[in-house]
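Laboratory data are not the source of any read-out in this text; all were calculated from the coordinates shown. All figures in this text were calculated on a predicted structure; none of them were measured in a lab. Virtual Cβ from ideal backbone geometry, glycine too; neighbours counted across all protein chains shown.
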Amino acid sequence: MKKVVVVGSINMDLVTMCQRVPKAGETIFGDRFFQVPGGKGANQGVAMGKLGTKVTMLGKVGEDSFGNDLINSMKNSGVNTDYIERSKNSTGIAKIIVEANGQNRILVVSGANMDVDKEYIDRHIDVIKDADIVVTQLELPLPTVEYVLGKAKEFDKLTILNPAPAEPLNEKIIRSSDIIIPNETELSFITRMPTDTDEEIKAACEKLLDIGVKELIVTLGSKGSLHINREKSQFHSAYMVKAIDTTAAGDSFIGGFVKALNKNNIDEAIEFGTKVSAIAVTRIGAQSSIPTLKEVNEFQGVKRS
């Protein structure tokens, strides 16, 4: 079984459900409030763990109850949490507002995630050496992301970057990423190119391919995703489902993609990830929405035409 290490953020999501978001200066009443384990890194790790992937999480939480709850959630989902360290800073949180139409708005306070530095990575470098695939995102300090990807390539690991939330990326980060999985907004931000049409998306992807990325998978929300490399461009349509909460859609897709990924089967892995995310958006919350392998295998959705 392949070994995966996820280096990323670990947050507690504080979720408010409402009919719509308030305008500036306006107060409205919400429908529900609850807290759910989250953080893009932890979400992706949990998705992999629930789907039966052998996955280890690298990151930090605070010395608080949120940190305890988050570690327990990952353990219960099959994630190895042995190398997660405690920080003097508080555990990261995300304030999430989910509207009745399923769209969300997220405000993150990073806390302990910003303490994941090069020294921390060096303390646990054997975890990366022992892995087959290294996955990371941009909710950690950017120098740490660059260092992780560089070390992973030094050890000849397959590297996957989810460039979210979008930040300007230097060429070293891009060249050190074998597979980059952005949405169209993130693709536009990191390439400084428009991505409003299929042609514009392909042109932006060409820019990253020219720098050194091998594969790009652009997630397009309810439309599906686009897989682009030097040889081809292939569109994968999404499933027709009623979206309740899109909070962990991208993270669920990545978890499913990594679970199914083997050599020369990227499109099959995309199809599996598409199923995982289709189920996740029909449920509320981040990690709480992620399905098990059994649920994905039993899923009988219909693709959009």
Here is the link list: K88/K118; K75/K214; K75/K153; K54/K303; K232/K294. Which ones come out longer than 22 Å on Cα distance?
K75/K214; K75/K153; K54/K303; K232/K294
Once you've got the GNM for the chain with C-alpha springs shorter than 10 Å, pick whichever of G221, G67, G38 has the biggest mean-square fluctuation.
G221
With the charge dipole of the stretch 87-237 built from beta-carbon charges (+1 for Lys and Arg, -1 for Asp and Glu) about the Cα centre, the Cα from V127, T197, P182 projecting farthest to the positive end belongs to V127
Would you please put 140-147, 275-282 in order of how densely packed they are, using the mean number of other Cβ atoms within 10 angstrom per residue and starting with the highest?
275-282, 140-147
For the stretch 201-305, which GluC sites (Glu not before Pro) are both in a DSSP coil and crowded by at most 16 other Cβ atoms within 10 Å?
E231
Exposure proxy ranking, count of Cβ atoms within 10 Å, fewest first, for F34, F189, F29, F257
F29, F34, F189, F257
Gaussian network model of the chain, springs between alpha carbon atoms under 10 Å - residue of S222, S289, S77 with greatest fluctuation:
S222
HN-Hα couplings for the stretch 24-34 via Karplus (6.51, -1.76, 1.60; θ = phi - 60°), in whole Hz with x for Gly/Pro, come out as 4, x, 9, 10, 10, 8, x, 8, 8, 9, 7
Given all pairs of distinct Cα atoms, the stretch 1-48 yields a Kirkwood Rh in Å of 13.2 Å
Summing +1 for each Lys or Arg and -1 for each Asp or Glu, what net charge is found among the other residues whose Cβ lies under 15 Å from the Cβ of K207?
-3
Where labels lie 7 Å past Cα in the beta-carbon direction, separation of T197 and E295 in nm
4.0 nm
Could you grab the Rg to Rh ratio for the stretch 155-298? Cα atoms only, Kirkwood for Rh.
0.96
Could you check the simple spin-label distance between N264 and K118, using points 7 Å along Cα→Cβ, in nm with one decimal?
4.0 nm
Give me the compactness ratio for the stretch 66-172, meaning the Cα radius of gyration over 2.2 N^0.38 Å.
1.18
Just the number, please: Stokes-Einstein D of the chain in µm²/s, Kirkwood Rh from C-alpha pairs, 37 °C, 0.692 mPa s.
171 µm²/s
Cα centroid separation, the stretch 232-305 to the stretch 44-76 (Å)
20 Å
Based on DSSP H runs of at least 4 residues, each adding -39500 (n - 2.57), what is the mean residue ellipticity at 222 nm of the chain after dividing by all its residues, to the nearest 500 deg cm²/dmol?
-10000 deg cm²/dmol
P(r) tail for the stretch 17-129, what percent of Cα pairs lie past 24 Å?
36 percent
For the stretch 215-305, diffusion coefficient by Stokes-Einstein and Kirkwood Rh (Cα), 10 °C, 1.306 mPa s, µm²/s:
122 µm²/s
Let me check I have the definition right: for the stretch 198-267, take the eigenvalues of the Cα gyration tensor, multiply each by 5, take square roots. What are those semi-axes in whole Å, largest first?
23, 15, 11
Counting Lys and Arg as +1 and Asp and Glu as -1, what is the net charge of the other residues whose Cβ lies under 12 Å from the Cβ of S289?
-2
Please compute the alpha carbon radius of gyration of the stretch 32-80, then divide it by the globular-protein estimate 2.2 N^0.38 Å. Two decimals is fine.
1.12
Output wanted: per-residue J couplings in Hz (rounded whole) for the stretch 104-110, from phi through Karplus 6.51 cos²θ - 1.76 cosθ + 1.60, θ = phi - 60°, x for Gly and Pro.
10, 10, 10, 10, 9, 10, 5
